[in-house]
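The values are calculated or read from the model by the stated rules, or taken from the named source; none is laboratory data. Just so we're clear, the structure is a prediction, and the values are computed from it rather than from any experiment. To get the accessible areas, we keep the full protein, side chains included, count just its heavy atoms, and leave off ligands, DNA and RNA. Shrake-Rupley method; radii C 1.70, N 1.55, O 1.52, S 1.80 Å.
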Amino acid sequence: MTAPHAESAAPCRQRELLLALGTVSPPEHRVRRVAQRNSWMQWPNVGVRGAAASVCAVFIVRSGGAAPRGLGTQLARERAAYGDMLLVDSIAWNESRVRGPTLSLSWWLDYASRELTHAPFVGKIDDDAYL
């Protein structure tokens, strides 16, 4: 599995991180990502870069293959605006409902085991979950 885009590799670098939480989200589910950002991700202990945040929540979004131009542009803008997305170009953007989430979870756990060793806990949720 390959590493995420360089621009999206910065999340979850807090020193006092308790939980790194990956949310598996297909590229077309922007509304669900916005709903999470506007609800539980507003809590003061949740953030991707804040020193006080003990929970780092990121979205795992598959972006590989020949995605439609509008979708690729949308994902790039969303990543730039929020900084909480890891775009996975080694998984096709239109992977099936069975394989897509499974491959995304596998990628997240591999990434977390290599890049987030300072997080004592690593978790995964879906983009339709509320914490």
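When Leu103 is tested against (1) at pLDDT below 95; (2) more than 12 Å from the chain's Cα centre (by Cα), exactly one condition is not met: (1).
Here is a list: Arg69, Arg32, Arg13, Arg49. Which entry is basic (Lys, Arg) and modelled with pLDDT of 95 or more? Write out each step before concluding.
On the way: Arg69 fails: modelled with pLDDT of 95 or more; Arg13 fails: modelled with pLDDT of 95 or more; Arg49 fails: modelled with pLDDT of 95 or more.
One residue alone meets the criteria, Arg32.
Among the residues of the range 75-123, those identified as closer than 21 Å to Glu16 by Cα, open to solvent by less than 50 Å² (accessible area, probe 1.4 Å) and in a loop (DSSP other than H, G, I, E, B) are Gly83, Asp84, Leu116, Ala119.
Looking at the structure I just gave you, is Val58 open to solvent by 10 Å² or more (accessible area, probe 1.4 Å), among the β-branched types (Val, Ile, Thr) and in a strand (DSSP E or B)? So Val58 does not fit the description; no.
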